Amino acid sequence: GLALTLAGATGIAVSIGVQVDSNIVYYERIKEEVRRGRAVKSAADGSFRAAFATIIWADLASLIGAGVLYQLTTGTVRGFALYLGITTLIDLAVSFFFMRPLVVLVARRLVNERPKRLGLTTFAEKASV
């Protein structure tokens, strides 16, 4: 009896927003480290642990909300909660297994120690201005 309803699609859409938020948390952490003077490669490698801790707490809050909704409601709201919970778990897996390696690869290959490509100025560049 599992069907994707409008409420379930809404749960998926909300979780896409959660995934985007996870990416923003990681990218902003990298930007903070670059502003402090770290190299882009080093910032991309080192920022993930702190960013992932924040991502876990945010996803845990979504999972708790989804669990409470699933237990206390019926019908289409339960479908919303189910799909929100499933896609939040997928967000954790994507953040850990795909986002970090991809960001590190981009930092090493494409950015090539030019933080201006990320829209950043380093601490040394700010001091010289």
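Where Lys and Arg each count +1 and Asp and Glu each count -1, what net charge lies around Arg49 among other residues with Cβ under 13 Å from its Cβ?
Cβ neighbours under 13 Å give a net charge of 0.
Give me the percent of the accessible area of segment 1-114 that comes from carbon and sulfur atoms, probe 1.4 Å, all protein chains in place.
Values: 4500 of 6660 Å².
Of all accessible area on segment 1-114, carbon and sulfur atoms account for 68 percent.
The values are calculated or read from the model by the stated rules, or taken from the named source; none is laboratory data. Computed from a predicted model, the values in this text were never measured in an experiment. For neighbour counting, all protein chains shown are included, and Cβ atoms are generated from backbone atoms with ideal geometry for every residue, glycine included. Only protein heavy atoms, including side chains, enter the accessible area calculation; ligands, DNA and RNA are left aside. Shrake-Rupley method; radii C 1.70, N 1.55, O 1.52, S 1.80 Å.
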